[in-house]
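Trainee: Structure provided below as structure tokens; questions to follow.
We did not get these values from a lab; they are worked out from the coordinates using the rules stated. Keep in mind it's a predicted model, so treat the numbers as computed, not measured. Counting neighbours? That spans all protein chains shown, and the Cβs are built from the backbone with ideal geometry, glycine included.
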Amino acid sequence: MSLVFDAHPPAFVPVHNGGMFPVRRIFCVGKNYAEHVKEMGGDPKASSPVFFTKPADAIVVGGNDVPYPQATDNLHFEGELVVALGKGGRDLQSREDAGSLIFGTACGCDLTRRDLQHAAKKAGIPWDTAKGFDHSAPIGTIGRWQDFPPNDFDAAHLVTRVNDEVRQDAPLTSMIWTVPEIIIALSKFFELKSGDLIFTGTPEGVGPLVPGDKVAIEIGSLPPLRFSITET
Ligand code: MN
């Protein structure tokens, strides 16, 4: 096979205790914390899982800078738990089957061009330009499931700080859809495969970022995600 130009390398995310996780696809869940649905003007009781995607090369590995994106005046942070899949499957039925796909978890940020998202919602058009832009998926080091087991998350809070000020602080137990429920629901729409990442939604407290801001996202004992916003 002769490539007509060099193929772009895949995105990789470092794994705690060694190795790199090759990213295949990035799936995201919208409207997964009741208080965030309310702050965005929605009704949490009317919601079912909302799925959207980002391109795999939107990944920014933690510690690297994120350039302020073009075409927005309202870039928002959304701190999120990210689930990394080590196996694939489709049409999953049980929590056990869903759980068996999980390789590990990480702290992530679903960066959003909120002005474009509001315009898309109003016009009933897709969210791609609001969500799937370059550098829109910062992610921290992935912790393997065996090193950071599910029980560790029972009492864990997702905490987002901007310039050391706490902006989001919510228990993971306030998710509307649990991680296995998300995987089961997603597998009805897509055949999931190893290398897939799932951003599982953000709690209340989202807000704007400007160049110079320093963002830190922590979930329990997982390796924290840190990044800075720079001028374009
Ligand atoms: Mn989100």
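Trainee: With a 10 Å Cβ neighbour count serving as the proxy for reagent exposure, in which order, fewest first, do Glu78, Glu165, Glu35 appear?
Mentor: Glu165, Glu35, Glu78
Trainee: Considering Cα pairs under 8 angstrom that are at least six residues apart, work out the relative contact order of segment 1-86 and quote it in whole percent.
Mentor: RCO, segment 1-86: 24 percent.
Trainee: Tell me, what is the FRET efficiency for Phe5 and Asp57 to the nearest 0.05, using R0 = 22 angstrom and their Cβ-Cβ distance as r?
Mentor: For R0 = 22 Å, the calculated efficiency reads 0.90.
Trainee: In whole angstrom, note down how far apart the Cα centers of segment 105-169 and segment 1-57 are.
Mentor: 9
Trainee: Put a dot 7 Å past each Cα toward the Cβ at Asp147 and Lys38; how far apart are the dots in nm?
Mentor: For the pair Lys38/Asp147, the computed spacing is 3.8 nm.
Trainee: Classify segment 105-232: rounded, prolate or oblate, from the alpha-carbon gyration tensor (a ≥ b ≥ c, eigenvalue square roots; a/c under 1.5 rounded; otherwise prolate if a/b is larger than b/c)?
Mentor: oblate
Trainee: Can you compute 3J(HN,Hα) from phi for each residue in segment 195-206, using the Karplus curve 6.51 cos²θ - 1.76 cosθ + 1.60 with θ = phi - 60°, rounded to whole Hz and x for Gly and Pro?
Mentor: Listing the rounded values in order: x, 7, 10, 10, 7, 9, x, 10, x, 5, x, 4 Hz.
Trainee: With point charges of +1 on the Cβ of Lys and Arg and -1 on the Cβ of Asp and Glu, referenced to the Cα centre of the chain, which listed residue (Gln93, Ala170, Phe52) lies farthest in the positive direction of the dipole?
Mentor: Gln93
Trainee: Among Thr112, Pro67, Asn151, which residue has its Cα furthest toward the positive end of the charge dipole of segment 57-209, with +1 on Lys/Arg Cβ and -1 on Asp/Glu Cβ?
Mentor: Positive-most Cα among the choices belongs to Thr112.
Trainee: Further question on the same structure: Amide H neighbours of Asn74 under 5 Å, at least 5 residues apart or on other chains, H built in the peptide plane: list them.
Mentor: Arg114, Asp115
Trainee: How long, wide and thick is segment 134-191, going by the Cα atoms along their three principal axes, in whole angstroms, largest first?
Mentor: The Cα atoms of segment 134-191 stretch 40, 34, 25 Å along their principal axes.
Trainee: Could you give the alpha-carbon Rg of segment 88-156 over 2.2 N^0.38 Å, rounded to two decimals?
Mentor: In units of the 2.2 N^0.38 Å rule of thumb, it is 1.51.
Trainee: Might you report the magnitude of the Cβ-based charge dipole of segment 91-232 about its Cα centre, with Lys and Arg at +1 and Asp and Glu at -1, to the nearest 20 debye?
Mentor: Magnitude of the dipole: close to 360 debye.
Trainee: Still on this structure: By its C-alpha gyration tensor, with a ≥ b ≥ c as the square roots of the eigenvalues, how is the chain shaped: rounded for a/c under 1.5, else prolate for a/b larger than b/c, else oblate?
Mentor: Rounded.
Trainee: Which three lengths, in whole Å and largest first, does segment 44-166 cover when its Cα atoms are put on their principal axes?
Mentor: 42, 35, 30
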